[in-house]
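Trainee: Structure below; questions to follow.
FYI, it's all coordinate maths here, none of it is from the lab. Model, not experiment: these values are computed from the prediction. Quick reminder, even Gly has a Cβ in these numbers, built from the backbone with ideal geometry, and neighbours come from all protein chains shown.
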């Protein structure tokens, strides 16, 4: 089924290379079984959104279609490892683009894996992707927001309709007879037609019949510029017609423009400058070589297949055989080049091609490892989270190559789950070409690479946090909650993850999570032995928590947490640089040397005076609580609930209960502030019924303060109303 981002085995992602006829024309042979189908509802919605929301980014359609064509060639090369005959008719994998200004068409042709009729129907009319429904629910009428979301989702083949009023696809699967070709066509009007035809060459050709306001994309110069901008480093040659004078193209398009100067490429840029911009120089592709300069025979051997040389013009009509094509892109994988030869702009462009993202990455790490094991890695930190970041079944991982041969997308075995946001490429020299996902899970070589890549990503994050804190703040906002998973999932690297955590804290007046554990330790009071934190439903609730009133009064900093994962994460932590973590809402505060002798004397005196009150409250509340205790936490609030050190938090209990799991009902401790006016009023009550009712109100308010739900909210309201009526009554009036 079609996927809007590249996925293994999806013909949608490879706009499979195709015959030499570049212009849409009636098939000379009778078509068979012409059918009309309706688009899946999600596809119709996506097309409408793209057409209206991506207008300012519409040139990305070419990046998407070239990416698909490259994928098609990659997949054919991989399939040919097992069946070399698949490459027999045309061994040199490449992509060709034909721009026709007079006809207003643009055709992207590749000689990759191709599609059958059934695959064309499935891949081009539906979206088979987990999370599709969530994606559409997240969209709104805000065009800018929709544009960003679509960019995160990856638009794939359907991006063609941003600029085309009609799209025609001709394809034939590698290894099937010429008579098994297929023609697919749609005008994005909710329907598409499909028919079987004779297709001489394998692969796919996508012809765009451009809209009137998109005819600029039929200009060869414009197309060349876009190729260099978005797809300069895809691993296959992208060819266009050679040496067409600018004035000829202008005349054919009905316009005029400056002549292409001698010694320049077709965009008007000097060839010398183009080479310098790429950071590389090299000879022209020699006859008999692929576009990286490697002999075709050698490239075939490296791919694990052998066969006869492709004959010139074999996949062209006679009229086209006389046309000369030249390579527009570098046609060499970026990660294979030395870092000194790659500019930052090229790294950014490659990321956008790789991740199908409009935005630049925050940072990247490019490394070549030699020695016991040899591999190259190019890893990127995105600037924003994809919409499906929290869907466990969503595809993730890096692109895997073995000795420059594409093996698979989304090789998740090379990075742990908590680093699922990382994009990139891994090219190994040690893994077998026929490696499968099952083998990857058991291969010790993969485990060694995984360990090394994990450390590289954590090192990259550490450098970003130190050298570019603003960028790291952006990263943390998007991916911080995911990185926290590593605290529990990756114990060997927990020490490297801890310094990367960021928190809101009582040290600042805002809720910006900018405080590191190192910052906290630097501000600790003399004699302080605990790192205090509190967890609540929101950061505002955490900041106002009664459990930290005394800590704030003493000037002790408290870390504020409010994400769903925080209860689980903090439960995995014990110490950081010798200081123990302490939940301010559990057990004793453990102030240690921070509590003076005067504090102890005052507490003991209050305890002696209030023993009777504490017992009366416990009797009124019964088994709902473990005990009633004089609080060392409270200064402004009358009461709060405190869990034991090993009790399950109320928030975690609710999460597990919502998932259908049985959880033990915790019995908290009720701590009271006997200096509060409500407690003094309660102590003076002689009416047992009123005392019990007010004690119940204190308990229920403490429950509400920590975000818990009341078992009987209407009864609570009635009880509160009765108290208000009594308080409002004139002195001496009957209760």
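Trainee: Quick one: if the Förster radius is 41 Å, what FRET efficiency do residue 723 and residue 508 give, using the C-beta to C-beta distance and rounding to 0.05?
Mentor: Working from the Cβ atoms, E equals 0.60.
Trainee: Moving to a separate point now. By the gyration tensor of its Cα atoms, with a ≥ b ≥ c the square roots of the eigenvalues, what is the shape of region 502-593: rounded for a/c under 1.5, prolate for a/b over b/c, or oblate?
Mentor: It is rounded, given that a/c, with a ≥ b ≥ c, falls under 1.5.
Trainee: Quick check: residue separation of residue 601 and residue 417 times 0.36 nm, minus the Cα distance between them. What number comes out in nm?
Mentor: Details: separation 184, 0.36 × 184 = 66.24 nm, distance 5.21 nm.
Using 0.36 nm per residue and subtracting the Cα-Cα distance, I get 61.0 nm.
Trainee: With each pseudo-label sitting 7 Å past Cα toward Cβ, what's the residue 537-residue 632 distance in nm, one decimal?
Mentor: Distance between label points: 3.0 nm.
Trainee: For the pair residue 574/residue 102, report the inter-label distance in nm, with labels modelled 7 Å from Cα in the Cβ direction.
Mentor: Rounded to a tenth, the inter-label distance reads 8.0 nm.
Trainee: Students often check this: by mean Cβ neighbours within 10 Å, which of 339-349, 180-190 ranks highest, and how do the rest follow?
Mentor: Going by the mean number of other Cβ atoms within 10 Å, highest first, we get 180-190, 339-349.
Trainee: Percent of Cα-Cα pairs more than 22 Å apart in region 596-728, please.
Mentor: 42
Trainee: If you don't mind, there's one more thing I want to ask. What FRET efficiency would be calculated for the residue pair residue 588, residue 565, taking the C-beta separation as r and a Förster radius of 25 Å, to the nearest 0.05?
Mentor: Step by step, r from the Cβ atoms, then E = 0.45.
Trainee: In percent, what relative contact order does region 339-491 have, based on Cα pairs under 8 Å that are 6 or more apart in sequence?
Mentor: Dividing the mean separation by the residue count of region 339-491 yields 22 percent.
Trainee: If I model a spin label as a point 7 Å beyond the Cα along the Cα-Cβ vector, how far apart are those points for residue 189 and residue 477 in nm?
Mentor: 4.5
Trainee: Let me ask something else about it. How long is the gain from residue 348 to residue 489 if the chain were fully straight, where each residue apart is worth 0.36 nm and the alpha carbon distance is subtracted?
Mentor: 47.7 nm
Trainee: Taking 0.36 nm per intervening residue step and subtracting the Cα-Cα distance, what contour gain separates residue 713 from residue 436 on full extension?
Mentor: 94.0 nm
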